[in-house]
Ligand code: FES
């Protein structure tokens, strides 16, 4: 919150060799990007497991930004292509969970592109701000509550088995 106005929480996974350095460069060059982004440094975008992304959303992130080396520039040869495949897969899955596509973003940003990192962060914050809070922790509580009341309604082990089969 800033002056009572809600602002989104963005978790950013940045590759050490490119986007993380670009974010550093942006800082040194006094290029201002939104302060509500928490940057996590990873050694390659290919290190970002889909589980990290889902966990960030589950723990309260409103958006997740991943920054990696440009195609053919990955230090581990194809980590960024692996990330791209995971990203495409997640973009198909996330809407099913009520998470809009604009909440997950992948950008190729080299170490020299301080301006681009600033643009990507600010543009993402703006888009997620327009979407509003995701509120996954609250949704999990609601789902847990639904499961509990469903369980209470079922009396026999057979009924429970049938309910869990769906
Ligand atoms: S080393 Fe940067 S994306 Fe692989």
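None of the figures in this text is laboratory data; all of them are computed from the coordinates on show. Note that the structure is predicted; figures quoted are calculated from it, not measured. Note that each Cβ is placed from the backbone with ideal geometry, even for glycine, and that neighbours are counted across all protein chains shown.
Of all beta bridges that DSSP places with both ends in the chain, some 5 percent have antiparallel geometry.
Between 153, 32, 127, the Gaussian network model of the chain with springs among Cα atoms under 10 angstrom shows the greatest mean-square fluctuation at 153.
Computed extension length for residue 143-residue 73: 20.9 nm, one decimal, from 0.36 nm per residue of separation with the Cα-Cα distance subtracted.
Taken as Cα centroids, the range 109-154 and the range 1-49 sit 16 Å apart, rounded to the nearest whole angstrom.
Highest mobility in the GNM of the chain, judged by mean-square fluctuation with C-alpha springs under 10 Å and restricted to 115, 146, 107, is found for 146. Here each label is just a point 7 Å from Cα along the line to Cβ, and for residue 32 and residue 51 those points are 4.0 nm apart. From helices alone, the chain scores -15000 deg cm²/dmol at 222 nm; the rule is -39500 (n - 2.57) for each run of n ≥ 4 DSSP H residues, then divide by the residue total. Ordering 37-47, 14-24 by mean Cβ neighbour count within 10 Å, with the highest value first, yields 14-24, 37-47.
Based on the alpha-carbon gyration tensor of the range 10-134, what equivalent-ellipsoid semi-axes (square roots of 5 times the eigenvalues) come out, in whole Å, largest first?
Details: eigenvalues 92, 68, 23 Å².
Over the Cα atoms of the range 10-134, the ellipsoid semi-axes are 21, 18, 11 Å.
For the options 62, 144, 102, a Gaussian network treatment of the chain with springs between C-alpha atoms closer than 10 Å singles out 144 as fluctuating the most.
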